[in-house]
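Here's the structure, in structure tokens; my notes come after.
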Amino acid sequence: MSEVMVDVHGVHKSFGPLQVLRGVDLQVRAGEVTVILGPSGSGKSTLLRTINHLEKVDQGWISIDGELIGYRRSGGKLHELKEKDVLKQRTGIGFVFQTFNLFPHLTVLDNLVEAPVSALRRPRKEAEETARRLLDRVGLADKADAYPRRLSGGQQQRVAIARALALGPKVLLFDEPTSALDPELVGEVLDVIRDLAGTGTTMIVVTHEIGFAREVADTVVFMDGGGVVEQGPPAAVLDDPRHERTRAFLSKVL
Amino acid sequence: MPTTRTAPPGAISPGTAPDVPPAPEALRVVPARHYARWTAAVVVLVLVAQFVHGLATNPVWEWGVFRAYVLSETIVQAVWVTLQLTAYATVLGFLLGTVLAFMRLSRSPVLQTVAWTYIWIFRSIPMIVQLVFWFNLSALYDRLGVGIPFGPVFWSVDSDSLIGTIGAAVIGLTLHQAAYAAEIVRGGVISVDHGQSEAAAALGIPRLRQIRRIVLPQAMRAILPTAGNEIIGLLKGTSVVYVMAIGELFYQVQVVYGRNGRVIPLLLVATAWYVVLTSLLSVAQYYVERRYARGADRTPPPTPLQRARRFVRDLRAAAARRDQPVVPLNPLGESR
């Protein structure tokens, strides 16, 4: 079995009095696709955002490829990292947002080139070559010079995926990548994610697309009330859930 | 007479309505007559004509004096001073304002409070009061120096010789402007969708670069219209520094009419220059706004220049068509 790429350990997170995560443990192996399902408010998105330290955890720790995220350990203490070092760690973690968040004032190509040039100090020419190759891979080679708002939602999300890939991340995190799309555009985005899964990219996908989970996931995690209720291969969790809450959720969405 | 069709509800006169409606092209459209609107237009045009006639014929305006002074060396030099004051105060004011805006947006309560206090104080003091303060700087701080805070001073200079009158005016205008600029920039920054800086952070883009490359260019769309107002306000606001006896436009005009007593035509000179400069700024603002609208509009409308070019091109094309013989060309190709 391959090594653990993402290790989430006893993570707690509250927003004021609201406890969103209550001790989440999760291991994702290198090259595997993990799909997180669960009702809204179950803490899926928050968990995903703690993995690249967009949200700080209150308790517990997260490591990627053996490196603690957001903290440095010395002795029995965790020292918070400076923003600069957190930003450096994030270049190894691709994040795809529900609402794409492309930079509307930059062309598609510049959206892809910006981070490699400014964060990784890659030469612009090299970054542009990589960007064009990635755009080709998501089927948008001809849109390099367009501005994002001229693209359809599905195309924008494919650009966003290419932008996350441009840094050559170790892990890709998807936060409900198809939830903001018109139904007929969902397929093209899922196709791209499916392709990526086939190339052995480590991915964590928060989604409501049960069919996609069944087809692509190596592991399905069901979350509810800020914790992991059960996890396992899709066949086990989706077709033969052991927990009542999982069963109730699946009966509603299937 | 029984009919198979009934008139639709709201039909004007069901009794006379024909069973079969006439062909659409047979119905002529009569536009509504706006009598009140026409009357109002006529009244306004008469008033405008009266006013223009007064401008042209009333001898008090003394257009001859206006012509003699409007491009005179004294006045042109004064315009140059006005422009310099505006440019310095705009650039320095917006630089300081941007720093203050990000201080207010920072997570440090100390920076937030200092920036808030600065804005509170400098928005509270009338500009003219502040300018006179700076004019009397040497009374306030006789000498300015560099050293250890609250400790010994290593180097110092007479404050009057360091700053001078123009310097004092620029400082006064800048500090005043910065307080307003800070709020304008802050408004622009918070108008940018939070997802933008979040996406930039998720991509690991360095913090300063996030601000310069991602947030500020988008904030500019909200900043520019108000900033344009502020810069135009500042241009005219420089006339206040006449209290410091600086040779800017308004002061110089006063000097001239103080000498020759031709108050009205010289005020016209100043007015004309302020209108010209403001118009130039407005045009510049239009083009700068267009630049920052990139990616925002699906198809940006053509600029007036592009429209003018297209108009000329269309005229030429129309003329070319008119020049062509109406009679189809002789297939044999020989007319004579």
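For the protein assembly as shown, the solvent-accessible area with a 1.4 angstrom probe is 56 square angstrom per residue. Would you mind computing the Rg to Rh ratio of segment B:119-230 from its alpha-carbon coordinates, Kirkwood style for Rh? With Rg and the Kirkwood Rh in hand, the quotient comes to 1.14.
Can you give the FRET efficiency for A:R149 and A:S14, using 1/(1 + (r/R0)^6), R0 = 41 Å, r = Cβ-Cβ distance, to the nearest 0.05? Please list the in-between numbers first.
Numbers: r = 37 Å, r/R0 = 0.90.
Efficiency at R0 = 41 Å is approximately 0.65.
Just the ratio, please: alpha-carbon radius of gyration of chain A over 2.2 N^0.38 Å, N its number of residues. Spell out each step's value before the answer.
Working: Rg = 18.2 Å, N = 254, 2.2 N^0.38 = 18.0 Å.
So the Cα radius of gyration is 1.01 times the expected 2.2 N^0.38 Å.
How much net charge surrounds B:A227 when only the other residues with a Cβ under 12 Å from the Cβ of B:A227 are counted, with Lys and Arg +1 and Asp and Glu -1?
On the way: positive: B:R221; negative: B:E183, B:E230, B:E289.
My count for the surroundings of B:A227 gives -2.
Counting 0.36 nm for each residue step from B:A32 to B:A308 and taking away their Cα separation leaves a gain of 96.1 nm.
Counting Cβ atoms of other protein chains within 10 Å of each residue's Cβ and taking the mean over peptide A:114-120 gives 5.
Over the C-alpha trace of segment B:29-178, radius of gyration and Dmax come out as 26.1, 89 angstrom. Among A:D175, A:D142, A:D58, the sequence by solvent-accessible area, most first, with a 1.4 Å probe is A:D142, A:D58, A:D175.
When the P(r) is computed for segment A:27-159, the part past 18 Å accounts for 65% of the Cα-Cα pairs. Take every pair of alpha-carbon atoms less than 8 Å apart whose residues are at least six positions apart; their mean separation over the length of chain B yields a relative contact order of 21 percent.
In order along segment B:176-181, the phi-based Karplus estimate (6.51 cos²θ - 1.76 cosθ + 1.60, θ = phi - 60°) of 3J(HN,Hα) comes to 5, 5, 4, 4, 6, 4 Hz; Gly and Pro are listed as x.
Centroid-to-centroid, using Cα positions, segment B:72-89 and segment B:137-186 are 23 Å apart. Counting Lys and Arg as +1 and Asp and Glu as -1 over every other residue whose Cβ lies under 11 Å from the Cβ of A:V206, the net charge comes to -1.
Taking each residue of B:210-223 in turn, how many C-beta atoms of other protein chains fall within 10 Å of its C-beta, and what is the average? Before the final figure, lay out each step's value.
Details: counts 3, 0, 1, 6, 5, 1, 0, 4, 4, 0, 1, 1, 0, 0.
Going residue by residue through B:210-223 and averaging, the value is 2.
Comparing mean-square fluctuations of B:V60, B:V256, B:V312 from a GNM of chain B with C-alpha springs under 10 Å, the top value falls on B:V312. Rounded to the nearest angstrom and listed largest first, the equivalent-ellipsoid semi-axes of the protein assembly as shown from its Cα gyration tensor are 58, 46, 25. In loop segments of segment A:46-96 as defined by DSSP, there are no GluC sites (Glu not before Pro) with at most 13 further C-beta atoms inside 10 Å of their C-beta. Taking every DSSP helix (H) stretch of at least 4 residues in the protein assembly as shown, weighting each as -39,500 (n - 2.57) and dividing the sum by the residue count yields a mean residue ellipticity at 222 nm of -17000 deg cm²/dmol. Shape analysis of chain B based on the Cα gyration tensor places the equivalent ellipsoid semi-axes at 57, 35, 25 Å, largest first. Scoring B:83-92, A:216-225 by mean Cβ neighbours within 10 Å over their residues and listing the highest first yields A:216-225, B:83-92. Taking every residue in A:162-168 and counting other chain Cβ atoms within 10 Å of its Cβ, the average works out to 1.
How large is ³J(HN,Hα) for each residue in segment B:70-81, as worked out from phi by the Karplus curve 6.51 cos²θ - 1.76 cosθ + 1.60 (θ = phi - 60°), to whole Hz, x for Gly and Pro? For segment B:70-81, the Karplus curve yields 4, 10, 5, 4, 4, 5, 4, 5, 5, 4, 4, 4 Hz. The value of relative contact order for segment A:96-229, using C-alpha pairs under 8 Å at least six residues apart, is 27 percent.
Explain nothing, just the number: relative contact order of chain A, from Cα pairs under 8 Å at least 6 residues apart, as a whole percent.
Details: 472 pairs, mean separation 66.0, N = 254.
About 26 percent, as a whole number.
Please turn the phi angles of segment B:152-157 into ³J(HN,Hα) values with the Karplus equation 6.51 cos²θ - 1.76 cosθ + 1.60 (θ = phi - 60°), one per residue in order, whole Hz, x for glycine and proline. These are the phi-based 3J(HN,Hα) values: x, 9, 8, 9, 8, 9 Hz.
The values are calculated or read from the model by the stated rules, or taken from the named source; none is laboratory data. Keep in mind it's a predicted model, so treat the numbers as computed, not measured. Backbone-built Cβ (ideal geometry, glycine too); neighbour counts: all protein chains shown. What goes into the accessible areas is simple: the full protein's heavy atoms, side chains included, and nothing from ligands, DNA or RNA. Shrake-Rupley method; radii C 1.70, N 1.55, O 1.52, S 1.80 Å.
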